[in-house]
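First up is the structure itself, then whatever we jot down about it.
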Amino acid sequence: MGIESHGSHGSHGSHGSHGSHGSHGSHGSHGSHGSHGSHGGGPFGYGGGSGHSPYYAVAKTSNRAGVVGAPLSTTTGQPAFSHDASGEHGDTFRWTAGVRKRLTMQRLRGQISHSYDASGDQPSVTVNLQGDGCAPIVRPSETELTDASEIGSVLGHARLRYEREAEIHVQMTEIVPFFGAVINLRGDRHKYTWELLDCVTDTSIEAHMPVKAMLSVKRPADIDPQVQPMLPDPGHASYPSGHATESYAIAGVLMRLLEDAGAFSEDARAEVARQFDRIAQRISVNRIVAGLHFPADNVAGQTIGAAVASHIEAMCKDPGHGTIESALWARAKAEWA
């Protein structure tokens, strides 16, 4: 999933049943949100969707003309939005998820910065998350990339392309459903969990994309003509892997959320954790199989992804609370309690 081919899912906004998730096309990183059938609220966006059909507008207009009588002395509509001074952001949870996400991401990305260091044999970047930096991400040298453990591994994994073709294509745009299958994650039951995971994906992109730009590592196909990737190379650098970053961040946040909610038995949670780790690893390796990444890209992505998961948990469970991300975490947690 990285950010690498994900722009197509903006079209989902046109489906009334997909509700606010049409806004996700702007970053395209979270194709999995097409499964949120319940978020739109009903046909033509009724109850939360867009309702852009001209026939729907005409039908509502003629219906109003047929049922509205004399003006009332008082109104009995839904409660109007009001300023919520409690800091619990109750009103914002009446908004569409896409708009609310902008506020959440403004806070999450505001705590991310990157430090470039060219003093070593190879330049490195430290991703600073809420003041805590993950281990420096050191740029692999050209010699390292042409080693058997790197380009040799890419060529060796090519034998798995037919076997994993379906996974690789789906994972171009969808990662969350692979984790969701383990815990029966559903759009109708877990809408705030989906919303939280959407923020996890975007935070991962904010964390890893500047590292790609600063270290500018070539793709495998730029080094060896025998790679011939099964998918077009994404339009940015190889290192670190966006898919690995996002997969390990999603796995980490989901596991922390389930533990916080006390979901499942202790033994079941241990099995969920094992499967989450295997899925994150498999998604990462599939990018090597496709000929798009080196093993080193996945190692760096795993490091950043784990740091992103810790960062999001810390932000969402800040002792101060009263923030939109803590309110979102509380709602997602309640879906598993």
Practice item. Report yes if some residue within the range 229-243 is closer than 22 Å to PRO177 by Cα, buried (at least 20 other Cβ atoms within 10 Å of the Cβ) and either free of Cβ contacts under 8 Å to residues at least 60 places away in the same chain or out of contact with any Leu (no Cβ under 9 Å at 6 or more places or on another chain) (or both); otherwise report no. Key: yes
Study note, to complete from the structure: When the range 191-217 is checked residue by residue, the ones that are in a helix (DSSP H, G or I) and hydroxyl-bearing (Ser, Thr, Tyr) are TYR192, THR193, THR201, THR203, SER204
Check your understanding: Given (1) part of a helix (DSSP H, G or I); (2) in contact (Cβ under 8 Å) with a residue 40 or more places away in the chain, where does ASP188 come up short, assuming only one miss?
Key -> (1)
Exercise for review: Output yes when any residue across the range 213-228 is over 16 Å from ARG287 (Cβ atoms) and crowded, with 17+ Cβ neighbours inside 10 Å, and no when none is.
Suggested key: yes
Check your understanding: Residue check, ARG102 against (1) over 24 Å from the mean Cα position of the chain (by Cα); (2) closer than 23 Å to ALA314 by Cα; (3) modelled with pLDDT of 85 or more, all met but one. Which one?
Key -> (1)
Practice item. Could you figure out which of (1) under 23 Å from the mean Cα position of the chain (by Cα); (2) buried (at least 17 other Cβ atoms within 10 Å of the Cβ) isn't true of ALA181? Key: (2)
Check your understanding: Hey, among ALA332, ALA290, ALA273, ALA300, which residue is under 19 Å from LEU197 (Cα atoms) and in contact (Cβ under 8 Å) with a residue 24 or more places away in the chain?
Key -> ALA332
Revision key, fill the gap. Note on the range 240-288: residues under 15 Å from the mean Cα position of the chain (by Cα) and in a loop (DSSP other than H, G, I, E, B) are SER241
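When you check ALA237 against the structure, is it of a type in the set (A, V, I, L, M), out of contact with any helix residue (DSSP H, G or I) (no Cβ under 6 Å at 6 or more places or on another chain) and assigned to a loop (DSSP other than H, G, I, E, B), yes or no? Lay out the reasoning, then the answer.
On the way: of a type in the set (A, V, I, L, M): yes; out of contact with any helix residue (DSSP H, G or I) (no Cβ under 6 Å at 6 or more places or on another chain): no; assigned to a loop (DSSP other than H, G, I, E, B): yes.
So ALA237 does not fit the description; no.
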Check your understanding: Among (1) surrounded by 20 or more Cβ atoms within 10 Å (Cβ to Cβ); (2) of a type in the set (D, E, K, R); (3) out of contact with any helix residue (DSSP H, G or I) (no Cβ under 9 Å at 6 or more places or on another chain), where does ARG287 come up short?
Key -> (3)
Exercise for review: Return the total of residues in the range 137-152 being within 27 Å of VAL308 (Cα to Cα) and either in contact with a Lys or Arg (Cβ under 9 Å, 6 or more places away or on another chain) or surrounded by 17 or more Cβ atoms within 10 Å (Cβ to Cβ) (or both).
Suggested key: 6
Review point. In this structure, does ASP260 turn out to be touching a residue at least 60 places away in the same chain (Cβ under 8 Å) and surrounded by 18 or more Cβ atoms within 10 Å (Cβ to Cβ)?
Key: no
Check your understanding: What do you reckon, is ASN298 crowded, with 21+ Cβ neighbours inside 10 Å, polar (S, T, N, Q) and over 19 Å from LYS212 (Cα atoms)?
Key -> no
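The values are calculated or read from the model by the stated rules, or taken from the named source; none is laboratory data. Please read all numbers here as calculations on a predicted model, not as lab measurements. Cβ coordinates were reconstructed from backbone atoms using ideal geometry, including for glycine residues, and neighbour counts include every protein chain displayed.
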